[in-house]
Structure formats: structure tokens, C-alpha cells
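In what follows, a single structure is set out as C-alpha cells and then discussed.
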Amino acid sequence: MVSRLNNWIFGLSAVVIVLGCAIETPALEIGEEEIGINLDFTYVTKYLWHGYDVLDDKGAFQPSAEFSWRGFYAGVWGSWPDSSGWAGGTRRSDLTEIDMYIGYECSVFQDEWYQIDTFITYTYFAYPHTNSDGDVQEIANGMSFPNLIPLGPFLFSPPAMTISMNGMACSPAVTLTMVISIHLA
């Protein structure tokens, strides 16, 4: 049964890859309000997390859905291994992951050279094929200055900071992320 399910997921992944990897739906309008909806169907040939090969050189189907409204956003992201076997002493099927997140993002001083973009996100990382002791929570906060150092059509954004909590313990960690955006007119 698991093999048949994995083959079905792999086949569906191949169809999604052929049709395109992301569906950006137009904003849903309710009255004068817009609600953004983004559906993403991704297949990765290697699942890397912070430089660590999670599935031991195997692929995964990673769909997601996100809703946004007035700077608030909420979504769910999943990762299903496309093969069975073992990865680092763990059955790959146990590495199925479902992440749920909520957050808020905003910009101040828009269109100025000192514009500040910031966000805060809470994420719950669930591993449904294991007990909840392996589940992890994370609070991430980031700030960028997209107009500070213009490099032609590229812009440099300083790193974001992430604080991860495993159960009740809090272990702060700084995640260095450099974002380079291409702005096409």
C-alpha cells in the first residue's frame, strides 16, 4: 500500500512539474478587501535543510498553500519522501513533514532609500509518523533594507534572525540569509 501511494505521489509530482511548479491565483476580492492565495506544487530531487541532506540523496514532493490579507499570512507546507528505505538511521517515511505557519509582514518608509521590510513568523514543524516529541516550533523575525545598497537591477538585503524552540527549551540561532532580488521594469 505504501509503495502504491509513493508511486502515485511520484506520478502526480511528474505531472505537476510538466504543468508548472507554482499556481499564483488572482487575489480573491471580498467587498473592497483582497485575499491573496498561493498554491505551490514542488518536487525536489534532494531535500536540503540548512545544508543537511534530509533524505540521503532522495527526492520529495513538497506542496504548499498560503493565504494573505493586509500583511497577515498563514499557510501549510508539506514534504513527502518519494522513496522508502533509510536515511541516517531513520525510515524515510518517518521523515514526512507538515509545517503550519502564521505571520505578519510590513514595509515602512516605502519607496525611500531607507525603506524597511520586516516580518515575524511562528511555525510548527510536525512529523506525523513519529511521536510529538520530534515536533519543533520556531519563531522567526527578519528585517531587510531593499533600497539601501542598489547594485544595478539587484538589491542586497541583510540577514534575518531565527529563534528555534524545541518543546519548552529555547535555543536562539542566527540564520544568515542573503536575498538578492531582480527587479524588472
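Every number in this text was worked out from the coordinates using simple rules, so none of it is lab data. These numbers were taken from a predicted model, which means no experiment stands behind them.
Quick rundown of the values:
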read-out	value
Gap separating the Cα centres of segment 71-136 and segment 36-50, nearest whole Å	11 Å
Length released on extending from residue 74 to residue 145, taking residue separation times 0.36 nm less the Cα-Cα span	23.2 nm
Phi-based couplings in Hz for segment 69-83 (Karplus 6.51, -1.76, 1.60; Gly and Pro marked x)	7, 6, x, 7, 8, 8, x, 9, 9, x, 9, 10, x, 8, 9
